[in-house]
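J.: The structure follows.
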Amino acid sequence: MTHDYDTILEHMVVAARGAGALTLEHFQRFRDLEIGIKGPGDFVSDADRDSETLIRGHLLGRYPDWSLTGEEFPPVDGDDLEHRWLVDPIDGTTNFINGQHYTITIALRRGEQTMCGLVYNPVSDEMFTTVKGGGAYLNGEKLSVSSSQDVGLMVVGTGLPTPNLSLHKGAYERLDAIRAPIGAVRVVGSAANSCAYVACGRLTGYFEETGFVDTAAGILLVEEAGGVVTDWWGRGPGYFERTGAMIVANRATHAFLLDQLKAVPPKEPRG
């Protein structure tokens with residue numbers, strides 16, 4: 001069966017905007033939110049659950065046979081296991097509960113490929129969208145990654161991992177390895193938003209250990225904007241999805257990060 005992924009993306013945008021309006025209501029009173037703790041540095045609020053509920057209802061209402069994996073509720077396995085939505089209803093919850101920018105991200109997988117995706121920042125009303133083979137866009141304007149090749153001008157995004165993550169060891173050594181020669185390091189606080197910033201050239205690169213639900217749409221954005229995506233050891237699709245250790249960047253920054261990161265512990269994971 002042939003699917004029109006441009007039309008499907010339009011439905012995703014409607015769901016994301018609805019979740020954006022809902023989460024903004026919570027965001028405007030962030031000091032009064034009821035916060036739960038899922039793990040070290042891993043928070044959840046009623047807004048996360050409300051947002052995912054809205055998105056699930058919209059997407060599964062239109063495509064009831066498809067499957068869905070989100071962040072806050074158990075996965076839904078539909079009759080069609082080939083098509084699966086990946087939904088992070090608030091990426092950057094720590095930002096969100098402290099009144100800072102956050103994103104909503106939705107990707108559609110068909111088998112092992114991401115067919116379309118979006119990253120939406122409700123605070124700035126920035127909608128990053130992409131369909132495989134069709135380019136990457138911000139509010140309708142086509143994107144491309146930064147063309148800068150000067151190491152001294154590189155601006156690299158990352159995150160500071162909590163001790164429960166497998167790649168926590170060596171995190172500060174990795175920062176030391178890259179910090180001196182480049183222009184700046186930035187912690188955006190949302191993996192999806194960081195990928196989107198690479199796609200539009202606000203960052204020349206980004207590396208972190210993070211979840212694939214958070215980054216599937218962002219990865220496609222970077223690829224469609226002309227960037228490079230691998231794990232920290234230069235391996236492509238299938239590897240960073242399992243290890244969570246990803247680099248998204250323009251070509252020059254990717255080469256720099258690959259050279260720096262592979263030399264710092266931990267060792268390359270097996271598999």
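J.: Given the options LEU33, LEU108, LEU9, LEU68, name the one that is modelled with pLDDT of 95 or more, open to solvent by less than 30 Å² (accessible area, probe 1.4 Å) and touching a His at 6+ places or on another chain (Cβ under 9 Å).
T.: LEU108
J.: Looking at the structure I just gave you, is ARG62 at pLDDT below 95 and either among the charged types (D, E, K, R) or open to solvent by 30 Å² or more (accessible area, probe 1.4 Å) (or both)?
T.: no
J.: Cβ-Cβ below 9 Å, separation at least six or inter-chain, first residue in the range 52-73 and under 16 Å from LEU86 (Cβ atoms), second among the basic types (Lys, Arg) and in a helix (DSSP H, G or I): which pairs?
T.: Hits for this filter: LEU68/ARG56; GLY70/ARG56; GLU72/ARG49; PHE73/ARG49; PHE73/ARG56.
J.: A further question on this structure: Could you please let me know if GLY226 is at positive phi and at pLDDT 95 or above?
T.: Spelling it out, GLY226 is indeed at positive phi and at pLDDT 95 or above.
J.: In the range 77-87, which residues are open to solvent by 50 Å² or more (accessible area, probe 1.4 Å) and aliphatic (A, V, I, L, M)?
T.: LEU81
J.: As an exercise: evaluate VAL123 against (1) assigned to a loop (DSSP other than H, G, I, E, B); (2) among the β-branched types (Val, Ile, Thr); (3) over 19 Å from GLY20 (Cβ atoms) and give the number of the one condition it does not meet.
T.: (3)
J.: If I ask for residues that are touching a His at 6+ places or on another chain (Cβ under 9 Å) and modelled with pLDDT under 80, which ones from the range 36-58 would you list?
T.: Passing the criteria: only SER45.
J.: Filter the range 219-246 down to the residues that are acidic (Asp, Glu) and in a helix (DSSP H, G or I), then identify the one that is surrounded by the most Cβ atoms within 10 Å (Cβ to Cβ).
T.: GLU224
J.: Something else about it: Please determine whether any residue of the range 209-217 is assigned to a loop (DSSP other than H, G, I, E, B) and either open to solvent by 20 Å² or more (accessible area, probe 1.4 Å) or touching a helix residue (DSSP H, G or I) at 6+ places or on another chain (Cβ under 6 Å) (or both).
T.: yes
J.: Okay, moving on. What is the residue count in the range 104-138 for residues that are of a type in the set (Phe, Trp, Tyr) and either without any contact (Cβ under 8 Å) to a residue 24 or more places away in the chain or farther than 16 Å from HIS11 by Cβ (or both)?
T.: The qualifying residues number 2.
J.: Shifting gears a bit: If I go through the range 194-208 residue by residue, how many of them are part of a loop (DSSP other than H, G, I, E, B) and either of a type in the set (Lys, Arg) or surrounded by 20 or more Cβ atoms within 10 Å (Cβ to Cβ) (or both)?
T.: 3
J.: Only one of (1) touching a Pro at 6+ places or on another chain (Cβ under 8 Å); (2) of a type in the set (A, V, I, L, M); (3) over 26 Å from LEU22 (Cα atoms) fails for LEU68. Which number is that?
T.: Answer for LEU68: the failing condition is (3).
J.: Please give the number of the condition LEU261 fails out of (1) in contact with a strand residue (DSSP E or B) (Cβ under 9 Å, 6 or more places away or on another chain); (2) open to solvent by 10 Å² or more (accessible area, probe 1.4 Å).
T.: (2)
J.: With the condition kept exactly as written, say whether any residue in the range 172-179 is in a loop (DSSP other than H, G, I, E, B) and either open to solvent by less than 30 Å² (accessible area, probe 1.4 Å) or at pLDDT 95 or above (or both).
T.: So far as the range 172-179 goes, no, none of its residues is in a loop (DSSP other than H, G, I, E, B) and either open to solvent by less than 30 Å² (accessible area, probe 1.4 Å) or at pLDDT 95 or above (or both).
J.: In this structure, does VAL145 turn out to be surrounded by fewer than 20 Cβ atoms within 10 Å (Cβ to Cβ) and in a loop (DSSP other than H, G, I, E, B)?
T.: Here the answer is no, as VAL145 does not meet what is asked.
The values are calculated or read from the model by the stated rules, or taken from the named source; none is laboratory data. The model shown is predicted, which means the values in this text are computed figures rather than measured ones. Cβ atoms come from the backbone with ideal geometry, glycine included; neighbour counts cover every protein chain shown. The protein model used for the area step is the full one, side chains on, heavy atoms only, and it has no ligands, DNA or RNA in it. Shrake-Rupley method; radii C 1.70, N 1.55, O 1.52, S 1.80 Å.
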